[in-house]
Amino acid sequence: MNEDVQQDLLASLGNTTQETEFFTLIPPGYVKGRTKYVVVLGTVMSGLGKGIFSSSLAKILKDKGLRVAPIKMEGYLNIDSGTLNPYRHGEVFVLDDGMETDMDLGTYERMLDENLSRGNFTTSGQIFTRILERERHGQYLGRDVQMIPHVTGEVKRTLRQLAVDSKADIVFIEVGGTVGDYENGYFIEAIRELAYEEGEEAVGVVALTYIMEPQSLGEQKSKAAQLGLRQVMQAGLQPHIIACRCPSPVSDKVREKISMFSNVPLRRVFSMHDVASIYLVPEMLREAGMDREVLTLLNLHDRVNQRSEDRARRTWQSFIDKLQQPKEKNITIAIAGKYTSLRDAYASIDKALEHCSVHTRCNIHLRWLDTTEIDVHNVVEHLRGCHGIIVPGGFGVRGAEGKIQCVRYARENHVPYLGICLGFQMAVVEFARHVCGLADANTTEFAPNCKDPVIDVLPEQKKIEGLGGNMRLGGKDVVLKPDTLIRRLYGDHPTVRLRFRHRYEVEPRYIPVLEQHGLIFSGHAPNQPIMQMFELSSSVHPYFVGTQAHPCLTSRPLSPDPLFLGLVEAAIQRAYPQQVFSDMTPDPSDITRDKTKGSIHRPLVAN
Ligand code: GLN
């Protein structure tokens, strides 16, 4: 916190402690009324797709030329999602600034097509840490520090800080969990206070609810939704808009009931039934008129840029058209990892392949393989019929030898391969063992005393070990070697920015021997000997590529990541060796790099 801010906070603390019950730390530069707020609350149960809904609503408002800034507020006490088990909580999403977040931030980045940062994510752990630090510095001037007003005050300050930093027209607040949960109650109270302080037309409350359709009854039932909405009102918040999740379109009768019991006009009670793809949700909300209702509620009609909206809708529509076109091609990609029984653990890989499926007009069937079950005897059986193989990122030795078997199968049988982070490291180990003849090659993560530690913690990283900061995290530039497959895939750009989350890397003293045997390091860190990408020459393998980064994290619907696209295109070639498809392999000049976003943008290929 800089000094000005501290002075400002202290001043307002001083006021509040002595004279008044109002307690609000207003960040410097905050202009009341400039930024509006939309809060999305879940009721009845979790798992309704709150993130997809919120990000779709944010997208259709962004399309209108409004600046939107989402924030996900998580009730748990962890400071970030870095230590959460993907098996319990889904994948850890890494932002460009290195923040490790909930996977919903990935949904926002993909839907809004923009990079987010730590200001877009907060947890109870962060809120309480700031409170307790302030308390230890004596900044509460003798007052007892309480949930209200101090903790709720910190939540409001966080939201207003985001408004200042993002200069947003609308801050989109998604509260994790459902209303009535013990752990998010104070977020909801903070939002009630925010709505009171900001006044009329400043805060729109959207409640997501669930309409049941019990099979035995064959009709839609609204009681659970009514009870959930009542809890929102008991918390002191009157919903303005209600979105009803349901497997099928919600009947007028049920909408009327919801409207009547929740004091929300019928035109603001929306059916948000299941659709074939999450990418259809924005248009569904727009057609139902939810964007208009939000603009009216927040008095924002005059900030709309119609031309921007028309342009954004046309671009999105061409993506949707491709998505819905029947696809004749079919390929199977194996994902050989550890958490394969839970798709959410590899959400962004799943999404990156989905983006490629649309752009190559090919159905991609995923075969999830648990590598703890794979060994030298059964690997052929597991991978038979696959046209491409991905070994994803991971931590821990479990299933590692199975991954190495998969890499070997891919390399020896010319099956297109993409290794991501740990999948990159396992491929280097495999290559060292079976091509360079270093039989005991390994990573020191799994075998600290192996004879040939081809993957190790770099000396610079070792120095900071123990201080908690020894993971290379966040967006980093990768310098691409000229005349390589990977550089061509990235449109011949000399550098590309990708996201990282790892501790180990190729031990530099093994680089010469690996290169002598044909491994081409096509990408490395700008100022350190950190190898970030490899490939094999096309004369020995159609597509054998690895990266220390997680390119799936920056793949976007309108611009799939080129390494994933390369894998899928090579897999299609393997599945249909005789055929040439007119819609494949777009001209590299179609690929542009938007430097402001730091990601690769390949425009839609015209049909
Ligand atoms: N465990 C490996 C490392 O720490 C790989 C990490 C990953 O795949 N994200 O370097």
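Just so you know, all these numbers are worked out from the coordinates, no wet-lab data involved. In this text the structure is predicted, and so the values were computed from the model without any measurement. FYI the Cβ positions are ideal-geometry reconstructions off the backbone, even for glycines, and counts take in every protein chain you see.
Output the 0 to 90 degree angle, nearest 10, between the alpha-carbon long axis of helix 400-412 and the longest principal axis computed from the alpha carbons of the chain.
Rounded to the nearest ten degrees, it is 60.
Across bins of 20 angstrom width beginning at 0, how are the C-alpha pair distances of the chain distributed, in whole percent?
19, 48, 29, 4, 0
On a 0 to 90 degree scale, rounded to 10, what angle separates helix 124-136 from the longest Cα axis of the chain?
70
Which Rg and Dmax, in Å, describe the Cα atoms of the range 485-547?
Every Cα atom of the range 485-547 included, Rg and Dmax give 12.1, 32 Å.
Using modelled backbone amide H atoms (1.01 Å from N, in-plane), which distant-in-sequence or interchain residues come within less than 5 Å of Met103's amide H?
Amide H neighbours of Met103, under 5 Å, 5+ apart: Phe93.
DSSP beta bridges in the range 394-518, what fraction antiparallel, as a percent rounded to 5?
In the range 394-518, DSSP labels about 75 percent of beta bridges as antiparallel.
Angle, helix 562-575 long axis vs. longest principal axis of the chain, Cα atoms, 0 to 90°, nearest 10?
50
Per residue, what volume in Å³ does the Cα convex hull of the range 258-357 take up?
On the way: hull volume 16.5 nm³, N = 100.
It comes to 165 Å³ per residue, whole-number rounded.
Given the C-alpha centroids of the range 540-578 and the range 26-53, what is the distance between them in whole angstrom?
Between the Cα centre of the range 540-578 and that of the range 26-53, the gap is 36 Å.
Which pairs in the list Lys62/Lys257; Lys322/Lys351; Lys50/Lys338; Lys50/Lys476 are over 23 Å apart, alpha-carbon to alpha-carbon?
Lys62/Lys257; Lys50/Lys338; Lys50/Lys476
By how many nm would the segment from Ile79 to Asn263 grow when fully extended, if each residue of separation counts as 0.36 nm and the alpha-carbon distance is taken off?
62.5 nm
Hey, got the Cα dimensions of the range 339-447 along the principal axes, in Å, largest first?
For the range 339-447, the Cα extents along the three principal axes come out at 42, 27, 22 Å.
Given labels modelled 7 Å from the Cα in the Cβ direction, how far is it in nm from Asp492 to Glu256?
Calculated label separation equals 6.6 nm.
Can you grab the distance from the C-alpha centre of the range 84-135 to the C-alpha centre of the range 391-439, Å, no decimals?
31
Among Leu383, Val164, Gly491, whose Cα sits farthest toward the positive end of the charge dipole of the chain (+1 at Cβ of Lys/Arg, -1 at Cβ of Asp/Glu, about the Cα centre)?
Gly491
Counting only residues 5 or more places away or on other chains, whose amide H sits under 5 Å from the amide H of Arg556 once H atoms are built in the peptide plane?
Those qualifying (amide H under 5 Å, at least 5 residues apart or on another chain) are Asp561.
Label points 7 Å out from Cα along the Cβ direction at His137 and Asn449: separation in nm?
4.8
Provide the gained length on full extension for the span Asp483 to Asp181, in nm with one decimal, where the gain is 0.36 nm per separating residue minus the Cα-Cα distance.
In short, 103.1 nm is gained.
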